[in-house]
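Data block below; observations after.
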Amino acid sequence: MTAPVHGSASFWRTYVFSQDHKVVGIQYAVTGLLFLLLGFTLMMIMRWQLAYPLRPIPIIGGWLGSANAPGGIMLPEFYNQLGAMHGTIMVFLGVVPLAVGGFGNFVMPLQIGASDMAFPKMNMASYWVYLCGGLIMVASFFVTGGAAQSGWTSYPPLAVIAPGQTLWLIGMVLLITSSLLGSINTIVTVVQLRAPGLTWMRLPFFVWAQFVTAFLLLLAFPPLEAAGALQLMDRLAGTSFFMPSGLVVTGQPLPISGGGNPLLWQHLFWFLAHPEVYVLILPAMGIVAEVIANNTRKPLWGYRALVYAVGFLGFMSMTVWAHHMYMTGMGTTMSTFFQITTMVISIPSVVILTVLMLSLWGGSIRFTTPMLFALAFLPMFGLGGLTGLPLGLAPTDIPLHDTYYVIGHFHYVVAPGTIFALFAGIYYWFPKATGRMMHEGLGRIHFWGSLICMNIVFMPMFIQGLGGMNRRLYDGGLQYAHNAPLLKWHVVIAMAAWTLGLFQLPFIANFFGSLKWGTPVDRNPWHATTLEWLAPSPPGHGNFQTIPTAYRGPYEYSVPGAATDFTPQFEPDAQ
Amino acid sequence: MEIPYTVEARPDTGWTNGKLAMWLFLASEVMLFGALFSSYVILRAGATDWPRESLNVGAASVNTLLLLASSLMISKARAAATGGDWPSHRRWLWTTVVLGFVFLGIKSFEYSEHLAHGEYPSNSTFLAVYFTLTGFHALHIVGGLLVMLYLLGPGARLYTRNPRHFVNRVECTALYWHFVDVIWLCLFTLLYLV
Ligand code: HEM
Ligand SMILES: [Cu+2]
């Protein structure tokens, strides 16, 4: 049963409007990768403007249109559109769909030995709603006034006044709906469809990570949905939920009733968006755990600690949001509360990182491409987390807030952190999804090029930020004297960013080339222990020939006395 | 390929898939309305005046009674379906639907009165909150009514094929309807009475 068995299902039902979790997962993953590429491209254009402000953009400058870049020189409004859409696309349309919609959908049901998600129709719907939301967001570039310009955080009053925001909000409501459908599906699937014998403490850590992530999406997104609706009312019905009294725009008092509260938006937004950063990181940690166990050929050290830490992290992530708002003058009681919760939430993060590092100890490590990415994740995520601590404390955050230091911090966690983990996952599960290996040599070029470039891109941002350079300046801070010694770094970063772009080409070639020329594999090419490796590669409709039974924990590698160095979960005890 | 536990509960968890999904959905709804209610409290605390006297408490009280009655009706519809009494099930469910529509009718009457007096959401934070929160709730009523009409229409055929499955669906719908009812009680108290 290696070829998908679909009975009489038509092409459309099999590959386009499919309800099979594997097809939906691949649709999510490929769409997410395309959006990542788009978001990355926007950023490469912005980097020209920062490195060489007010100079015409070579080659593509003319394509951007005179409304955006007359004579190839980028207008400030267009820079703001690129910035807002870069952030939105990367977070909501790229990383989360790939990590949760892609990996969650494809791998999780296989790992729990299920034949599909609990609600296949809803699964399909969640993909199509996501795609609509994404296309609406992208389409906003082509309407008059252009795309949203108020950052991915969309703070009012600017967001209510500036053009482009309406489509952003509508897109967002669709994305939230999609993730609501997806998260309910994930939770129900994990609770209900675990194979016989697969008790909670035998679940692979990846499944735990997806499970906690789904709760975050379920509970943290609705407040943003509410906030989005209120902002939409402000824009379309002329209400003043987020609009204070006495606003004057370009010399004219705004004809609104006023009396609203702009800080209310910030609270509602960050109540989602802080848990959202854990939505970005937890699936990544799940992938890294799987890859590390498999390539060290030994059990994860401290599996239980991992599970408890991820649960606690999920819970705590709902209590720290206002650490993004120390600048709002919230008063010492409030700020003390949020400083304490922020320090407390760092503990489980460090526990997870420590467990993963200690798991390397004494292993006979196989340096495969997925393992290289997973290994690089550890120090990169570590750097990102470490630089977050000063931001969590008000006295150090106040000078650093809204500088390039913050940009450096979160990119270390998300780019060489999460995105590296996602690459690890792609190289690791590609043979399961397609029946063919990806090319190791190209994988290594991709890895080393990306690792070096990422660090040249993001390390200088700490220097710039500590030097006081603000984020979101369309000329890179040219007009401020204190930035003069920091401007040269923009050129370095731009060069490294474009080179980073070039180093993605081997990956793209590898991805498509391996579909055709990759070495064919059997069920379990990595000699792994979890249930997905029992299914054929690629698994047919319904995944397993018979529903498997789990006889043991997920990481029984190098069991003393065993015939091989891996004892899969599906292998019965030898009696 | 069959997905297990759509009809029978999984023994070790005690849930059917649908019922667990409904509870999770309601949890997310709690967060949605929680955010709306908190926004209301914060905005009202910062407002200079709050002319809630302009609201029609009489109409809203009638609506409260209607929704309470409809909750009772859907419980009866559920019990009848469980007990295999098909004609009473349909009668009670139809009654629920009618009560829901009357609720919407009275709500539209309230809206049109406000608009006729020139009271628009853009006039004040008070009206913005009033229209938006009740509007959100009304959308939830519409959603519930659509589901019930489906269960009375094309969805009813499931009863002959798989009565157990059908009853599960009615149960989930009832759960949702009670929730929407509770939200209304909160709205009625917080908007009209205090
Ligand atoms: C583990 C410890 C972490 C701590 C203590 C921490 C702390 C903070 C703080 C206080 C800020 C606000 C800085 C400011 O605006 O002044 C911030 C920003 C941010 N963090 Fe973290 N963080 C941590 C981990 C993470 C992780 C794991 C991610 C994502 C995967 C992340 C993503 C972000 C993002 C996206 C922002 C910027 C949002 C914006 O203003 O646009 N952080 N972090
Ligand atoms: Cu945060």
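The values are calculated or read from the model by the stated rules, or taken from the named source; none is laboratory data. Note that this is a predicted model, so its numbers are computed, not measured. Backbone-built Cβ (ideal geometry, glycine too); neighbour counts: all protein chains shown. Heavy atoms of the whole protein, side chains included, go into the accessibility calculation; ligands, DNA and RNA do not. Shrake-Rupley method; radii C 1.70, N 1.55, O 1.52, S 1.80 Å.
Brief remarks follow.
- For A:Phe566, distant residues with modelled amide H under 5 Å away: A:Ser558
- Equivalent-ellipsoid semi-axes of segment B:33-132, from the Cα gyration tensor, Å, largest first: 36, 16, 10
- Computed extension gain for A:Ala237 through A:Glu440, at 0.36 nm per residue and net of the alpha carbon distance, reaches 67.5 nm.
- Förster radius 56 Å - calculated FRET efficiency between A:Thr519 and B:Phe109, Cβ distance, rounded to 0.05: 0.20
- Share of alpha-carbon pairs per 10 Å distance bin for segment A:147-197, given as whole %: 22, 31, 19, 15, 9, 2
- In segment A:212-245, burial by the other protein chains removes 30 Å² or more of 1.4 Å probe accessible surface, compared with the chain on its own, from A:Leu218, A:Leu219, A:Pro222, A:Ala226, A:Leu230, A:Met233, A:Thr239, A:Phe241.
- Surface share of carbon and sulfur [accessible, 1.4 angstrom probe, percent] for segment B:41-194: 68 percent
- Shown for chain A are the DSSP H helices of 15 Å or more along their axis, judged by Cα atoms, with a mean Kyte-Doolittle hydropathy of at least 0.0: A:21-51, A:120-139, A:165-192, A:205-236, A:262-296, A:303-316, A:332-358, A:369-392, A:420-434, A:440-466, A:487-502, A:505-517.
- For segment A:251-305, the Cα-based Rg and Dmax, in that order, read 22.4, 68 Å.
- Take segment A:263-382 with all the other protein chains still there, run a 1.4 Å probe, and you get 33 Å² of accessible area per residue.
- Accessible surface of chain A [probe 1.4 Å, protein heavy atoms]: carbon and sulfur percent: 72 percent
- With at most 13 other Cβ atoms within 10 Å, longest stretch of chain B clear of loop GluC sites (Glu not before Pro) (DSSP): B:9-194
- Per-pair calculated FRET efficiency, R0 = 60 Å: B:Thr160 and B:Leu193 via Cβ, rounded to 0.05: 0.80
- Reported value for chain B: 135 Å³ per residue, from the convex hull of its C-alpha atoms.
- Cα gyration tensor of segment A:422-494 - equivalent ellipsoid semi-axes, whole Å, descending: 39, 12, 9
- Computed on segment A:254-342, the Cα convex hull volume stands at 125 Å³ per residue.
- On Cα atoms only, tilt of B:86-116 relative to the major axis of chain B in degrees: 20 degrees
- Calculated P(r) tail over 19 Å for segment A:491-575, as whole % of Cα pairs: 59 percent
- Taken per residue, the accessible surface of segment A:111-186 reaches 30 Å², heavy atoms only and a 1.4 Å probe.
- Between helix B:57-82 and chain B: long-axis angle, C-alpha atoms, 0 to 90°, nearest 10: 10 degrees
- Each peptide among A:560-573, A:296-309 gets the average number of other Cβ atoms lying within 10 Å of its residues, and from highest to lowest they stand as A:296-309, A:560-573.
- Peptide B:22-35 has a mean of 6 when you count, residue by residue, the C-beta atoms of other protein chains within 10 Å of its C-beta.
- Average accessible surface area per residue within chain B, 1.4 Å rolling probe, Å²: 45 Å²
- Ellipticity estimate at 222 nm from DSSP helix runs (n ≥ 4, -39,500 (n - 2.57)) divided over chain A, nearest 500: -19000 deg cm²/dmol
- Angle between chain B longest axis and helix B:17-45 axis [Cα atoms, degrees, rounded to 10]: 10 degrees
- Whole-angstrom gap from segment B:36-75 to segment A:416-463, using each part's C-alpha centre: 54 Å
- At least 30 Å² accessible surface lost relative to isolated chain, residues of segment A:181-201 (1.4 Å probe): A:Ile184, A:Val188, A:Val191, A:Gln192, A:Leu193, A:Arg194
- Complex-versus-alone comparison for segment B:112-151, residues with a loss of 20 Å² or more in accessible area, probe 1.4 Å: B:Pro121, B:Ser122, B:Thr125, B:Ala128, B:Thr132, B:Phe136
- Accessible surface comparison of A:Trp48, A:Trp12, A:Trp200, probe 1.4 Å, protein chains only, largest first: the order is A:Trp12, A:Trp200, A:Trp48.
- Segment A:151-183 and segment B:87-166: distance between their alpha carbon centers, rounded to Å: 27 Å
- Positive minus negative residues near A:Trp533 (Lys, Arg vs Asp, Glu; Cβ under 9 Å): +1
- Taking the alpha carbon gyration tensor of chain A, multiplying each eigenvalue by 5 and rooting it gives semi-axes of 40, 25, 25 Å, largest first.
- Between A and B, accessible area buried - total, square angstrom, nearest 100, 1.4 angstrom probe: 2800 Å²
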